[in-house]
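Structure first, then comments.
Bear in mind these aren't lab numbers, they're just calculated from the coordinates by the rules spelled out. Treat the numbers as computed from the prediction; the structure is a model and nothing was measured. Note: ideal-geometry Cβ built from the backbone for every residue, glycine included; neighbour counts use all protein chains shown.
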Amino acid sequence: MTFIEIRDLMKIYYTKETNIRVPALRGLELSIKEGEFISVIGPSGSGKTTLLLILAGMTDPSAGYVKVGDLRLDQLSEEERSLYRRYRVGTLWQLPSRNLIWEINILENVEIPMRLLGIPREERLKRAKELLTEVGLDKRMNHKPQQLSGGEVQRAGLACALAHQPLILLADEPTGELDSKTAGELLRFFKHLNKTHGITAIMVTHDFDVAKSTDKLVQIVDGRISGYSPTKNLITIRDMHQVYVDTYGSIQLPRHVIENITVEKEIHIEEKEGKIILSQEEEKANKKKKTKAK
Ligand SMILES: Nc1ncnc2c1ncn2[C@@H]1O[C@H](COP(=O)(O)OP(=O)(O)O)[C@@H](O)[C@H]1O
Ligand SMILES: [Mg+2]
């Protein structure tokens, strides 16, 4: 069942002082099934964080349709969005100081999102202990974040993100500060929690090795989805052979394909034996000729 549906999503940032408008998302379309764990991969500035901020209810879309469960995020008022954030969304950010409060221990940290919802203390403690045990921190509950390793801190952040039983879990480069071994460990816990809690999870990353640990990989280029693929059998990003055709029939080619063609120039399209073939043969031929001449 589709749980998150995004159509024609646009986000334009406006800076008053400079009177400059920056388009961050340009007609993004995406659907995600309930319980799925997907990664969104793309170069810096492609709009990954913006997409997460919209799904987290932390910023409003400039235009478009965004549905999470039975809620239309694009139609929420400021107040409704703040309730949505508090009740339904769990977030894990790259910087640990955004996930945890440094002055209190991690058990108290995990209790906080539940406190905000008025959950009684006994229940809070029970759930916080269960979650911290699930992320392998049962012996560390009374430690403050600075007494933990980088990987442990992110695992505590993960427990915090799930404390109030949100409907979606959003993570923005959660392994960005970790070495690859520790990152792998965090991702194993992440995956385990996604499966056992049945929570729909989206992780943003620019690292293909990190993205591979999720079920499905979606590539974002300049604010639009280009390639998407199940991660099974993907060895490199060049193995992504599927691109998304939106409701207008537009496609955004994957970055590695764009690098090999001449942009702002027409491509040839041909339907042949049930296949659609795109080519820029003339360019290629010219390139070859040039190389030979050298
Ligand atoms: N608050 C903001 N004000 C103005 N421009 C922004 C703001 N946040 C992001 N942008 C711009 O929007 C684009 C997408 O940014 P972002 O979503 O952060 O990309 P990513 O997370 O993929 O690096 C970039 O060009 C960025 O400079
Ligand atoms: Mg970002």
Taking r as the C-beta separation of ALA63 and THR247 and R0 as 22 Å, the FRET efficiency to the nearest 0.05 is 0.95
Between the modelled labels at THR236 and ARG86 (7 Å from Cα along Cα→Cβ) the distance in nm is 5.0 nm
Before anything else, pin down the relative contact order of the chain: Cα pairs under 8 Å, at least 6 apart, normalised by residue count, whole percent.
-> 21 percent
Cα gyration tensor category, rounded, prolate or oblate, for region 43-98 with a/c compared to 1.5 = oblate
Let me have the relative contact order for region 108-212, percent, based on Cα pairs under 8 Å that are six or more residues apart.
-> 27 percent
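Among residues other than PRO166 whose Cβ falls under 10 Å from its Cβ, what is the net charge (Lys/Arg +1, Asp/Glu -1)?
Values: positive: ARG85, ARG86, ARG88; negative: none.
Its environment carries a net charge of +3.
What ratio of Cα Rg to 2.2 N^0.38 Å holds for region 2-260?
Numbers: Rg = 18.4 Å, N = 259, 2.2 N^0.38 = 18.2 Å.
Region 2-260 yields a ratio of 1.01.
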Which of the aspartates and glutamates could be linked to LYS33 by a straight reach, that is with a Cα gap under 19 Å, when you skip same-chain ones fewer than 8 residues away?
-> GLU5, ASP8, ASP70, ASP215, ASP246
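Which entries in LYS11/LYS265; LYS181/LYS212; LYS67/LYS181 show an alpha-carbon gap greater than 25 Å?
On the way: LYS11/LYS265 27 Å; LYS181/LYS212 15 Å; LYS67/LYS181 36 Å.
Distance filter (> 25 Å) returns LYS11/LYS265; LYS67/LYS181.
Give me Rg/Rg_expected for region 7-79, where Rg uses Cα atoms only and Rg_expected = 2.2 N^0.38 Å with N residues.
On the way: Rg = 13.0 Å, N = 73, 2.2 N^0.38 = 11.2 Å.
Working it through for region 7-79, the quotient is 1.15.
Mind ordering 203-215, 233-245 by average Cβ neighbours within 10 Å, highest first? Walk me through the numbers on the way to the answer.
Numbers: 203-215: 20.3, 233-245: 12.8.
The densest-packed peptide leads the list: 203-215, 233-245.
How big is Rg to Rh over region 46-185, alpha-carbon atoms, Rh as the Kirkwood inverse-mean-distance radius? Write down the numbers at each step before the final one.
Working: Rg = 15.7 Å, Rh = 15.8 Å.
The Rg/Rh ratio comes out at 0.99.
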